[in-house]
There are 2 protein chains.
Amino acid sequence: MPHRESDSLAARVLQGDIRAAARLITLIEEDSPQAFDALDLLHRHTGKAHVVGITGAPGVGKSTLTSGLIDYFRRYNATLGIIAIDPTSAISGGAVLGDRIRMQQHSADPAVFIRSLATRGGTGGLARAAIGAIRIMDALGKDIILVETVGSGQLETDIVKAADTSLLVMAPGAGDEIQTMKAGILETVHIFVVNKADKEGADQLKIYLEAMPERRPGAWRPSVLLTDALSGRGVERLAASIQRHHEYLETGGQIEERRRERAKLELLTLVTDSLKDMVDRFDEDDYLNKLLNDFLAGKTGLHSAYLKIIERLPGELDKTSGGGKDGI
Amino acid sequence: MPHRESDSLAARVLQGDIRAAARLITLIEEDSPQAFDALDLLHRHTGKAHVVGITGAPGVGKSTLTSGLIDYFRRYNATLGIIAIDPTSAISGGAVLGDRIRMQQHSADPAVFIRSLATRGGTGGLARAAIGAIRIMDALGKDIILVETVGSGQLETDIVKAADTSLLVMAPGAGDEIQTMKAGILETVHIFVVNKADKEGADQLKIYLEAMPERRPGAWRPSVLLTDALSGRGVERLAASIQRHHEYLETGGQIEERRRERAKLELLTLVTDSLKDMVDRFDEDDYLNKLLNDFLAGKTGLHSAYLKIIERLPGELDKTSGGGKDGI
């Protein structure tokens with residue numbers, strides 16, 4: 001059945017069948033092996049959509065901004081896919097469901113396909129599910145795909161890397177935060193959005209962002225925009241900036257580079273996840289318990305215990321890769 | 001030199017030398033192999049400190065609360081270690097440095113050792129550095145170790161698991177958030193703190209938390225406490241609750257279980273991190289580039305590419321584990 005279901009799901013997605021798309025995304029979330037085949041079948045039909053990542057801390061107004069962007073792009077008849085990531089694995093700082101309600105006004109519009117992704121296990125799996133969902137929405141024929149995620153470490157980094165155009169939404173007074181950001185991330189953001197522009201400190205933050213050192217010559221100089229998502233002020237200019245970045249990517253041929261980056265992330269996340277699963281399986285292993293007993297009794301050091309586990313992995317890996325072959 | 005430096009650092013830490021402790025924590029942050037030996041030497045001198053994890057979303061008042069707890073425990077002459085984790089790898093939602101300033105009033109007190117940890121790479125490494133810092137502060141002779149971290153997915157989960165007693169700090173109006181939390185996490189929190197108790201919704205949140213289904217019979221029933229960290233209201237009762245949980249762990253013998261859990265997390269994180277490093281090294285690998293070309297050209301599927309990488313790992317692992325042996 002795997003082959004038949006994945007073939008037919010892929011075919012239906014290519015015909016624009018939203019229910020097939022939803023089903024396939026669920027299979028990806030569940031880490032079902034059938035999903036692989038379907039994604040591979042869809043692959044050569046993709047590469048047309050413009051993927052926009054929208055990240056930022058909780059409460060800065062990402063969902064309201066996303067909703068404003070949907071309104072704007074719909075006026076120009078663009079079709080949209082929206083991927084909203086709920087990092088429920090975080091104890092706190094998670095997405096407040098209420099925020100998402102604003103987006104529901106678009107759920108009756110057949111040209112807008114909205115899908116939430118929730119964490120089952122680690123954030124690695126979530127990044128991979130997001131990339132899978134991007135590919136499916138691309139194959140469905142959506143022109144623009146907005147991927148919205150709350151800031152949460154690795155996941156945020158991954159989404160910024162996976163998008164063609166990446167937005168970082170901030171609220172006034174976030175100057176201190178920026179100083180603690182990892183340099184590598186700031187350099188991959190294409191558009192900085194200072195939302196709640198009426199609040200004190202908005203102009204200051206904008207000046208601060210604009211004063212950031214230039215990237216290499218000829219590279220995209222990040223835009224810094226003031227918006228007020230609730231009233232809609234600045235959303236039009238933001239949309240224009242997103243389109244300008246898309247043109248920049250296409251003219252310079254960098255769009256291929258972004259797609260390659262996305263594929264690499266997908267592949268490496270898949271490998272890392274499966275290795276992590278393998279280590280997690282050790283958790284119920286008697287061997288690990290014995291090692292822990294020795295360690296707690298002071299009979300073995302942490303590094304020796306680590307080496308003993310590493311030495312056992314090649315055997316475990318052979319099982320994993322063999323199992324994968326038979327399973328598909 | 002590795003052996004000699006790690007021996008002498010460990011010896012100095014056991015004599016209460018704060019500068020040696022600080023140096024050793026830096027070595028751990030830098031992932032230096034010398035740190036392993038020193039940690040192993042310290043291991044059998046630890047197990048006396050009470051480790052308290054303090055997590056929660058940005059802005060709920062964790063640092064102010066931590067500062068209040070330090071004041072309280074110092075009045076009873078307890079010595080303290082504070083580990084403040086800055087998840088700077090997150091684009092946003094990170095620690096605002098200004099918050100930490102409040103804690104600086106304690107920096108002149110020699111009985112209080114405060115240390116910030118910042119992310120270099122992934123959050124896995126950060127969890128491991130935190131566990132190492134816990135062990136060092138324990139070996140230094142600190143009675144209570146407070147580990148404060150901003151909510152950010154896996155890291156928060158790890159800190160909750162690594163602590164003897166774990167606190168989740170919330171602000172009023174977080175009811176929606178709780179519903180999106182992963183069940184497994186809520187079940188491992190020992191004390192819920194509703195801070196900013198004067199604000200609307202505080203009593204409601206307290207009632208909501210108290211109404212959560214009971215855990216297995218005989219298990220610790222989580223406390224729910226209202227505090228106002230700024231005025232100090234409720235901090236005394238919170239400290240009492242922390243001590244009550246410690247007594248509960250010691251009487252029931254569960255303190256050993258917590259330590260085992262901490263050691264397991266340390267070991268498995270070490271394994272996962274090193275595997276992830278190995279996969280990252282593929283990044284500059286010609287083999288990966290060829291695979292990506294084939295994948296992007298539609299000549300190979302994602303799952304086949306994955307299997308090809310997995311098949312190469314045993315050889316890579318042998319290199320890693322051999323290298324580790326020679327390097328130490």
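The values are calculated or read from the model by the stated rules, or taken from the named source; none is laboratory data. Quantities reported herein were computed from a predicted structural model and do not represent experimental measurements. Virtual Cβ from ideal backbone geometry, glycine too; neighbours counted across all protein chains shown. Accessible surface is based on the protein model in full, side chains and every heavy atom, while ligands, DNA and RNA are left aside. Shrake-Rupley method; radii C 1.70, N 1.55, O 1.52, S 1.80 Å.
Per the 1.4 Å probe, what fraction of the accessible area of the range B:167-315, in percent, lies on carbon and sulfur atoms? The partial results should precede the final answer.
On the way: 3380 of 7220 Å².
Ligands and nucleic acids excluded, carbon and sulfur reach 47 percent.
Taking residue B:142 as the anchor, which aspartates and glutamates have their alpha carbon closer than 19 Å to its alpha carbon, excluding any fewer than eight residues away along the same chain?
Answer for residue B:142, where 19 Å is the Cα cut-off: B:17, B:40, B:71, B:109, B:164, B:247, B:250, B:256, listed by chain and number.
What is the sum of charges around residue A:37, taking Lys and Arg as +1, Asp and Glu as -1, for the other residues whose C-beta is under 11 Å from the C-beta of residue A:37?
Working: positive: A:4; negative: A:5, A:7, A:40.
Cβ neighbours under 11 Å give a net charge of -2.
Short version: which residues of the range A:43-88 lose at least 10 Å² of accessible area, all chains versus chain alone, 1.4 Å probe?
Residues losing area: A:43, A:57, A:58, A:88.
Which FRET efficiency value, to the nearest 0.05, is calculated for residue B:293 and residue B:230 with the Förster distance at 45 angstrom and r the Cβ-Cβ distance?
0.15
Which FRET efficiency value, to the nearest 0.05, do you get for residue A:14 and residue B:312 by plugging their Cβ-Cβ distance into 1/(1 + (r/R0)^6) with R0 = 30 Å?
Values: r = 34 Å, r/R0 = 1.12.
With a Förster radius of 30 Å, E is 0.35.
Kindly tabulate the residues in the range A:269-300 with an accessible-area decrease of at least 50 Å² between the chain alone and the assembly of all protein chains, using a probe of 1.4 Å.
A:271, A:272, A:275, A:279, A:292, A:295, A:296
Given the whole protein assembly as supplied and a 1.4 Å probe, what does the accessible area of residue B:233 come to in Å², nearest 10?
Here the accessible area works out near 120 Å².
Looking at the calculated P(r) for the range A:30-88, what percent of the C-alpha pair distances fall above 14 Å? All intermediate terms of the calculation are to be shown ahead of the outcome.
On the way: 1203 of 1711 pairs.
Summing the P(r) tail past 14 Å for the range A:30-88 gives 70 percent.
Would you count, across the range B:187-328, every pair of lysines whose alpha carbons are under 30 angstrom apart, provided the pair is eight or more residues apart or spans two chains?
15
Residue B:260 to residue B:207: FRET efficiency via 1/(1 + (r/R0)^6), r the Cβ-Cβ distance, R0 35 Å, to the nearest 0.05?
On the way: r = 35 Å, r/R0 = 1.01.
That gives a FRET efficiency of 0.50.
Show me A:134-142, A:36-44, B:251-259 ranked by packing, highest mean number of other Cβ atoms within 10 Å first. Mind showing how you got there, number by number?
Working: A:134-142: 25.0, A:36-44: 21.0, B:251-259: 13.6.
The most tightly packed comes first, giving A:134-142, A:36-44, B:251-259.
Order these peptides, A:55-64, B:267-276, by their mean beta-carbon neighbour count within 10 angstrom, highest first. Intermediate values should be presented prior to the final figure.
Working: A:55-64: 23.6, B:267-276: 21.7.
Final packing ranking: A:55-64, B:267-276.
What's the average, rounded to a whole number, of partner chain beta-carbon atoms within 10 Å of each residue's beta-carbon in A:304-312?
Per residue, the number of nearby Cβ atoms from other chains is 6 on average.
How many Å² of accessible surface get buried when B and A come together, counting both sides, probe radius 1.4 Å, rounded to the nearest 100? The partial results should precede the final answer.
Values: alone 17080 and 17110 Å², together 27120 Å².
Answer for the B-A pair: about 7100 Å² buried.
What is the mean number of Cβ atoms from other protein chains located within 10 Å of the Cβ atom of each residue in peptide B:35-42, rounded to a whole number? Write down the numbers at each step before the final one.
Numbers: counts 2, 5, 3, 0, 3, 8, 1, 0.
Mean partner-chain Cβ count within 10 Å for B:35-42: 3.
Would you kindly state how much longer the chain becomes between residue B:198 and residue B:77 on full extension, computed as 0.36 nm times their sequence separation minus their alpha carbon distance, in nm to one decimal? Don't skip to the answer; put the middle values down first.
Numbers: separation 121, 0.36 × 121 = 43.56 nm, distance 3.07 nm.
Net length gain for the segment: 40.5 nm.
In Å², what does the accessible area per residue of the range B:182-323 work out to with a 1.4 Å probe? Numbers along the way, then the final one.
Details: 7160 Å² over 142 residues.
Accessible area per residue: 50 Å².
So how much slack lies between residue A:30 and residue A:237, counting 0.36 nm per residue of separation and subtracting their Cα-Cα distance, in nm? Write out the running numbers ahead of the final one.
Numbers: separation 207, 0.36 × 207 = 74.52 nm, distance 3.86 nm.
Extra length available between residue A:30 and residue A:237 comes to 70.7 nm.
Express in nm, to one decimal, how much length is gained between residue A:286 and residue A:221 on full extension, taking 0.36 nm for each residue of separation and deducting their alpha carbon distance. Each step should come with its number before you reach the end.
On the way: separation 65, 0.36 × 65 = 23.40 nm, distance 5.51 nm.
Contour length minus Cα-Cα distance gives 17.9 nm.
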